[in-house]
Amino acid sequence: MTFDFFANVVFAAIGSFALWLKLGERQQLTVHGLGKFWGLLKITGRKRDVIELISFVVVGAFMSMLFTDPTNVRQAFSAGLGWTGLLATSRR
């Protein structure tokens, strides 16, 4: 792993986080499929919000790196926005 790979992972995560900041709490976003999992574990309130934010960013960054293999930070940031948007769902 090189510094470029680490930077791309960080910027993909920042892209995911930016999308969550824009839409997250207002729409109560979660990663598609994980919302039911958190419900089964009976995690509620602020703890659930924090766990969903972390899972949202981690899954978004992972999917971005796995499927797009960005070569610079702009592509990584854009991939973080795109893949996270694709996997996001409202838990309402």
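Look at Phe77 and say whether it is modelled with pLDDT under 80, outside any loop (DSSP other than H, G, I, E, B) and either within 15 Å of Leu34 (Cα to Cα) or touching a helix residue (DSSP H, G or I) at 6+ places or on another chain (Cβ under 9 Å) (or both). Against the criterion (modelled with pLDDT under 80, outside any loop (DSSP other than H, G, I, E, B) and either within 15 Å of Leu34 (Cα to Cα) or touching a helix residue (DSSP H, G or I) at 6+ places or on another chain (Cβ under 9 Å) (or both)), Phe77 does not qualify. Looking at Thr89, Thr44, Thr71, Thr30, just one residue is hydroxyl-bearing (Ser, Thr, Tyr) and at pLDDT 80 or above, and that residue is Thr71. Just need a number here: residues in the stretch 36-61 that are free of Cβ contacts under 8 Å to residues at least 12 places away in the same chain and out of contact with any helix residue (DSSP H, G or I) (no Cβ under 7 Å at 6 or more places or on another chain). Selection size over the stretch 36-61: 12.
The values are calculated or read from the model by the stated rules, or taken from the named source; none is laboratory data. Treat the numbers as computed from the prediction; the structure is a model and nothing was measured. All Cβ positions, glycine included, derive from the backbone under ideal geometry; neighbour counts span all protein chains shown.
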